[in-house]
């Protein structure tokens with residue numbers, strides 16, 4: 001049998017290690033910086049808070065300053081934290097940069113809060129975020145609101161387009177860990193929320209609530225939690241609800257058997273009340289000292305308890321100086337929260353074990369994600385070179401091919417390449433998403449390199 005023409009003989013495949021430079025692969029860089037209830041008083045946390053549209057504005061501002069970094073802003077009543085991640089230190093801000101950003105964004109001097117700042121790096125960021133999502137670092141151990149707040153912060157960053165593969169992996173893992181801790185440790189058993197602690201404080205002040213009028217200011221999630229605890233524990237004689245949105249106030253009041261008061265008549269509602277729990281998200285105090293002084297005169301200086309769990313605070317701190325006024329804010333609830341924390345040490349130990357284990361898994365996932373990304377790029381380059389080499393040989397042997405024929409051949413070759421690489425690419429990507437065994441994706445990466453001759 002005659003041999004094939006010289007131009008048709010098969011050449012050995014390209015060896016990528018000899019033709020392509022293997023990219024340097026470095027671990028991702030992570031940083032978290034901010035304040036929380038353990039490091040900063042309420043006044044500092046409210047000064048640094050990102051409410052409403054300000055969170056989106058801050059994310060866009062961070063993106064302008066550090067366009068190659070990923071960012072998430074977490075702002076709750078108990079913490080304000082900036083999370084930043086990137087491919088290298090060169091694209092990342094440092095702690096001083098982020099402190100300056102916080103100061104400039106809020107129109108503050110760094111000296112006003114720098115002593116309260118705490119920051120985390122790399123592995124420390126992962127562990128801290130997992131502890132936050134699991135409510136281990138909450139004012140109230142086991143409270144359920146923080147997991148939703150972490151999810152909301154992540155989704156806001158997704159919508160603002162300030163997250164990429166690093167933070168998609170990190171925050172989705174954090175949400176899974178938070179859920180796992182709640183389901184596995186028993187930390188979520190009992191009355192475990194800021195709202196429940198506020199009600200516990202009220203029970204220490206009043207012996208009976210049957211003759212008391214309770215006013216809840218606000219109609220959001222915290223207000224609903226408060227109303228639920230009030231109804232299930234102290235059962236006040238009258239329950240009033242007021243909010244800037246009257247329809248929302250009406251819906252919440254009806255759900256918990258309360259009455260509504262127009263927000264424009266807040267002063268009269270204050271006069272009628274014995275206990276006030278305020279939960280709004282107003283940017284400025286809604287009740288000043290002089291206003292409440294007039295309220296107290298109208299009440300003939302009867303004892304009144306105000307629990308202000310809003311950030312920023314709804315009541316001017318000076319209200320607490322008035323006669324027969326007991327004013328508590330989030331800082332004042334710390335002691336009661338510490339009491340609630342006792343007796344759940346066993347669950348806390350288990351939670352810490354889960355967090356430590358999942359931190360290791362997450363770090364392995366992030367590292368493998370980086371290696372897999374580099375490998376996918378190299379695999380594509382290898383396939384492109386191989387395809388182009390064979391096309392060049394074909395066109396050299398058939399110079400009379402029309403441009404339309406060349407385009408059709410190019411298209412077919414490209415489709416064949418993509419179809420051939422589809423499953424290897426998918427396997428590499430899937431292996432880096434929450435692996436059951438951290439070593440598995442790394443083993444797969446080595447296998448793909450070996451199978452395709454891509455070097456180490």
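Throughout, read-outs are computed from the coordinates displayed, never taken from laboratory work. The structure displayed is predicted, hence computed values, not measured ones. For neighbour counting, all protein chains shown are included, and Cβ atoms are generated from backbone atoms with ideal geometry for every residue, glycine included.
For the peptides 52-62, 273-283, 405-415, the ranking by mean Cβ contacts within 10 Å, running from highest to lowest, is 273-283, 52-62, 405-415.
Taking the empirical scaling 2.2 N^0.38 Å for compact globular proteins as reference, the stretch 29-190 has a Cα radius of gyration ratio of 0.98. The label point for residue 391 and the one for residue 415, both projected 7 Å from the Cα toward the Cβ, are 1.5 nm apart.
Alpha-carbon geometry of the stretch 205-348: the Rg and the Dmax are 15.2, 50 Å, given in that order.
Computed FRET efficiency, Cβ-Cβ of residue 51 and residue 398, R0 56 Å: what is it to the nearest 0.05?
For R0 = 56 Å, the calculated efficiency reads 0.25.
Full extension of the chain segment joining residue 427 with residue 91 gains 118.0 nm, where the gain is 0.36 nm per residue of separation less the Cα-Cα distance.
Averaging the sequence gap over all C-alpha pairs within less than 8 Å and six or more residues apart, then dividing by the number of residues, gives the stretch 86-190 a relative contact order of 25 percent. Computed from the Cβ-Cβ distance with R0 of 51 Å, the FRET efficiency linking residue 204 to residue 111 stands at 0.85.
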